[in-house]
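Step one of this worksheet: look at the structure below.
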Amino acid sequence: MDPIANFLTQIRNGYTARKTSVTTPHSKIKESLAQILSRNGYLGEIKINGNTPQKTIEVSLVYEDRLPILTHLSRISRPSVRVYTSADKIPYALSGKGLTILSTSKGLMDSRTARKSGIGGEIICKVW
């Protein structure tokens, strides 16, 4: 029912199963979420495969010394309970070492970029 939660769960399960990559159906929000995670070093290369009606996203998973880089991935705002925050109250993930991803009026952003821009929004997930 919740495509973002399904995407995050597939990534989490991929790391647990020690897979090298995960493939999931494409959507723009999943693509931008994967790009943010890739930019911050939690995921590897992102490939968009197929044509428009059945595009897929293939995300490579990153390991360091055979241990997954991404150890915690949790969905905060769900379809049944939306969680919003202002720019000055954006929560820190793992005391600033992790990453909080927000859906803002300017698209998906990580917490550092949203704080610099002074934009709040819906808290999508926390990662570390």
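Return a yes/no flag: does the range 1-16 have any residue that is among the small types (Gly, Ala, Ser), at pLDDT 95 or above and open to solvent by 60 Å² or more (accessible area, probe 1.4 Å).
no
A count restricted to the range 67-94 and to residues that are among the basic types (Lys, Arg) and without any contact (Cβ under 8 Å) to a residue 60 or more places away in the chain stands at 2.
Filter the range 3-24 down to the residues that are assigned to a loop (DSSP other than H, G, I, E, B) and either of a type in the set (Gly, Ala, Ser) or at negative phi (or both) and list them by number. Residues satisfying the conditions are 17, 19, 20.
Right, residue 21: within 21 Å of residue 122 (Cβ to Cβ), open to solvent by 20 Å² or more (accessible area, probe 1.4 Å) and among the small types (Gly, Ala, Ser) or not?
On the way: within 21 Å of residue 122 (Cβ to Cβ): no; open to solvent by 20 Å² or more (accessible area, probe 1.4 Å): yes; among the small types (Gly, Ala, Ser): yes.
So residue 21 fails the test.
Quick check on the range 25-43. Is at least one of its residues open to solvent by 60 Å² or more (accessible area, probe 1.4 Å), outside any helix (DSSP H, G or I) and either out of contact with any Lys or Arg (no Cβ under 6 Å at 6 or more places or on another chain) or in contact (Cβ under 8 Å) with a residue 40 or more places away in the chain (or both)? For the range 25-43, residues open to solvent by 60 Å² or more (accessible area, probe 1.4 Å), outside any helix (DSSP H, G or I) and either out of contact with any Lys or Arg (no Cβ under 6 Å at 6 or more places or on another chain) or in contact (Cβ under 8 Å) with a residue 40 or more places away in the chain (or both): present. Counting the residues of the range 19-63 that are out of contact with any Pro (no Cβ under 8 Å at 6 or more places or on another chain) and of a type in the set (Lys, Arg) gives 4.
The values are calculated or read from the model by the stated rules, or taken from the named source; none is laboratory data. This structure is a prediction, so every number in the text was calculated from the model and none was measured. A quick note on method: Cβ atoms are made from the backbone with ideal geometry, for glycine too, and the neighbour counts reach across all protein chains shown. For the accessible areas, the whole protein counts, side chains as well, though only heavy atoms, and no ligand, DNA or RNA atoms are used. Shrake-Rupley method; radii C 1.70, N 1.55, O 1.52, S 1.80 Å.
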